[in-house]
1. Please give the helix B:315-329 orientation as an angle from the longest Cα principal axis of chain B, in degrees from 0 to 90, rounded to the nearest 10.
2. Using a Förster distance of 41 Å, how high is the FRET efficiency between B:Leu308 and B:His213, based on the Cβ-Cβ distance and rounded to 0.05?
3. Would you mind ranking B:Cys14, B:Cys234 so that the residue whose beta carbon has the fewest other beta carbons within 10 Å leads the list?
4. Taking a ≥ b ≥ c as the square roots of the Cα gyration tensor eigenvalues, with a/c under 1.5 meaning rounded and otherwise prolate when a/b beats b/c, else oblate, which class fits segment B:84-170?
5. Whose amide H sits under 5 Å from the amide H of B:Leu73, counting only residues 5 or more places off or on another chain, with H placed in the peptide plane?
6. For the pair B:Arg116 and A:Tyr33, what calculated FRET efficiency results from E = 1/(1 + (r/R0)^6), where r is the Cβ-Cβ distance and R0 = 60 Å, to the nearest 0.05?
7. Do the alpha carbons of any pairs in A:Lys34/A:Lys70; A:Lys70/B:Lys90; B:Lys196/B:Lys216; A:Lys16/A:Lys72; B:Lys194/B:Lys216; B:Lys247/B:Lys304 sit beyond 20 Å of each other, and which pairs?
8. With an 8 Å cut-off on Cα pairs and a minimum separation of 6 or more residues, tell me the relative contact order of chain B in percent.
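Quick note: the coordinates plus some simple rules give every number you see, no bench work behind them. The model shown is predicted, which means the values in this text are computed figures rather than measured ones. Note that each Cβ is placed from the backbone with ideal geometry, even for glycine, and that neighbours are counted across all protein chains shown.
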Amino acid sequence: MELYKRYVDVVLMQKKTGRIVPLYLFWEDGRKYKIDKVISAERRASPVGGCGIRYACMIQGERRNLYLEKDKWFIESYQP
Amino acid sequence: MKERVIFHIDINHCYAQIEEMKYPQLREVPMAVGGHEEKRHGIILAKNDLAKKAGVLTGESLREAKEACPDLLIIPPQYEDYTYYTGLVKDIYREYSSQVESFGLDEAWVDFTGSRHLFGDPLQTAEEIRNRVYREIGLTVSVGVSWNKIFAKFGSDLKDPSGIAVITKDNYRDKVWPAPVRDLLYVGPATERKLKSRGIYTIGDLAGYPVQHLKKAMGVAGEVISVFANGGDCSEVTENGYASPIKSVGNSMTMVHDVDNAEDLRPVYYVLCEAIASRLKDAGMEGDVISVSVRSSGLEWFMKQRKLPRRTNVSEEILHAVMELLETSYSFDTPLRAVGASVSGLRPAGSFRQLSLLEDEEKHEKARRIDYAMDQIRGQYGFYAVRRACTVIDRPLTEFNPKDDHTIHPIGYFQGRKMSDGTL
């Protein structure tokens with residue numbers, strides 16, 4: 001299935017250790033998705049273009065890759 | 001002495017590849033990164049594989065490239081991005097050695113000698129670095145591995161399909177020597193011509209040629225390239241990745257149209273020298289070595305330098321030296337496309353100045369005050385708020401702000417070490 005690069009708004013928590021944990025992301029239509037779990041966070045290039053810190057997240061039982069690219073966040077989305 | 005292990009790592013067609021990494025769909029079309037077309041800053045800086053297949057050449061004008069490949073997509077360079085992403089790549093190199101020497105944005109030497117006992121086999125490590133850069137940044141790199149910097153660079157230029165080329169003391173005669181002498185770092189067109197006139201066509205020819213003859217004909221430069229060809233380069237990989245004290249301040253510029261005489265060039269150099277003088281003053285420095293570098297429309301390049309009797313950071317004085325150098329050293333047979341100047345031999349600007357009997361001190365003071373006033377006005381009202389009258393004659397030619405517009409300077413291999421022949 002084709003992937004698309006979609007920039008999203010994100011709510012983050014900055015831990016006292018300095019680590020950043022994404023908590024929620026917002027779709028353009030305003031829908032809010034809770035990030036249930038961050039499985040891993042590593043520097044990776046994305047097949048949809050760009051590179052950054054890839055947060056592999058569980059959202060509603062599905063795995064999605066969320067990237068911090070410089071100072072913006074994007075998701076590899078199945079929806080164009 | 002323990003044999004050194006040096007990598008030279010080169011990001012393949014760097015600017016074009018970074019654009020492809022950002023926008024993968026660009027891989028499907030012939031694409032090149034080149035200067036602003038409307039401002040005619042126009043040459044091809046990098047191209048992708050499809051553009052290469054269509055016959056687009058790096059360094060040719062945008063118009064020539066469009067003739068070779070009418071569908072060519074030209075993207076203006078995003079230097080901020082290139083600096084950022086190549087910085088990430090070099091951060092990966094720095095995990096393997098503290099000695100990482102940048103050579104321009106896309107290339108670097110990494111001295112792996114001291115890290116060998118930590119990471120093991122150099123070849124495996126080179127492969128690991130390649131894989132990591134691809135996985136983490138999405139870029140492919142070519143690696144040359146050798147015991148000296150020159151052959152390591154030669155190795156990465158081979159663009160071996162595996163991405164790694166190893167030049168050892170056992171194989172360099174087979175791998176390096178048959179190559180044309182031009183493939184050796186620092187043999188440019190002028191040196192190549194001199195060598196060919198002596199029947200030296202390959203690096204092997206150069207290596208076998210009596211060094212004393214070369215030295216006689218070409219000065220220290222001849223001796224140096226002979227050593228390079230024999231694998232005798234023992235220069236160190238310097239750590240220049242992090243902030244190092246500035247050694248020179250320079251600016252360069254590709255012009256909106258080619259210029260074939262010194263008079264038309266003066267306003268361009270005025271703008272460049274004002275920027276250099278202003279940056280020197282910002283850094284609290286002054287210098288006494290003035291260098292001029294120019295590239296002709298045929299993309300030939302040369303550099304000349306001279307030493308001033310006294311250090312300066314005044315634009316008028318820098319300009320004077322630059323124009324004098326240029327007029328005595330370039331005949332304008334071929335029009336110029338890009339010009340640059342720099343000031344080195346830097347020292348902190350002193351509050352005391354030895355007065356000269358031979359120079360006009362009043363003139364110096366006046367020029368210094370003009371610089372100061374212009375900097376003040378520009379600081380408050382913007383760069384174009386004040387300019388010299390001569391720069392208004394051909395506005396498109398001088399409408400640029402070298403101080404604040406992003407400029408990227410390739411870092412010289414010799415790092416300020418002096419060569420007797422500036423044309424090397």
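1. The helix B:315-329 is inclined about 60 degrees to chain B.
2. Values: r = 35 Å, r/R0 = 0.85.
Calculated transfer efficiency: 0.75.
3. Fewest-to-most Cβ neighbours within 10 Å comes out as B:Cys234, B:Cys14.
4. Since a/c stays below 1.5, the shape of segment B:84-170 is classed as rounded.
5. B:Met31, B:Ala32
6. On the way: r = 48 Å, r/R0 = 0.80.
Computed FRET efficiency for A:Tyr33 and B:Arg116 comes out at 0.80.
7. As for pairs spanning more than 20 Å Cα to Cα, those are A:Lys34/A:Lys70; A:Lys16/A:Lys72.
8. Values: 711 pairs, mean separation 63.9, N = 424.
Reported as a whole number, the value is 15 percent.
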